[in-house]
Amino acid sequence: QVQLVESGGGLVQPGGSLRLSCAASGSIFSFNAMGWFRQAPGKQRELVATITVGGRTTYADSVKGRFTISRDNAKNTMYLQMNSLKPEDTAVYYCSATRIPNDYWGQGTQVTVSS
């Protein structure tokens, strides 16, 4: 059973930074890809960033240049460094992992950007 646990969310002022972590219960090297998604109130869940087992990354246009996804295989943890945060980044952020053919999800962590 794969478990993903997010942490690092909170309240931050516009322009501030947060780093989210996603800790997996087993080796993340076994995942084909991992990613971060977010869901704002009244909106659909959207992709934020992904990283493959080989380290290839992709980003949503809305976060390019501000967010950085990374993974530490030794710590079985994935990260999302979020800089220059905007109020529109406010959402619940979810960690996801794919081990073909299955997808796994964390419980989410709230990020609120407000003055």
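The values are calculated or read from the model by the stated rules, or taken from the named source; none is laboratory data. From a predicted model like this one, the values you see are computed outputs, not experimental measurements. Positions of Cβ are generated from backbone atoms using ideal geometry, with glycine treated the same way; all protein chains shown enter the neighbour counts. What goes into the accessible areas is simple: the full protein's heavy atoms, side chains included, and nothing from ligands, DNA or RNA. Shrake-Rupley method; radii C 1.70, N 1.55, O 1.52, S 1.80 Å.
Worth a mention:
- Meeting the requirement of 1 or more residues that are under 18 Å from residue 7 (Cα atoms), the strands (runs of 3 or more DSSP E) wholly within region 28-106 are 33-39, 46-52, 67-72, 77-82, 91-99, 102-105.
- Among the residues of region 62-82, the ones that are touching a strand residue (DSSP E or B) at 6+ places or on another chain (Cβ under 7 Å) and touching a residue at least 40 places away in the same chain (Cβ under 8 Å) come to 8 in all.
- When region 73-91 is filtered for residues that are among the hydrophobic types (A, V, I, L, M, F, W, C) and open to solvent by 40 Å² or more (accessible area, probe 1.4 Å), only 74 remains.
- The lone criterion from (1) under 22 Å from residue 13 (Cβ atoms); (2) in contact with a Gly (Cβ under 7 Å, 6 or more places away or on another chain); (3) crowded, with 17+ Cβ neighbours inside 10 Å left unmet by residue 50 is number (1).
- For region 33-43, the criterion of being without any contact (Cβ under 8 Å) to a residue 60 or more places away in the chain and under 11 Å from the mean Cα position of the chain (by Cα) is met by at least one residue.
- Residues that are modelled with pLDDT of 95 or more, aromatic (Phe, Trp, Tyr), within 17 Å of residue 90 (Cα to Cα) and surrounded by 13 or more Cβ atoms within 10 Å (Cβ to Cβ) occur at least once in region 29-38.
- Inspection of region 11-24 identifies at least one residue that is surrounded by fewer than 13 Cβ atoms within 10 Å (Cβ to Cβ) and part of a strand (DSSP E or B).
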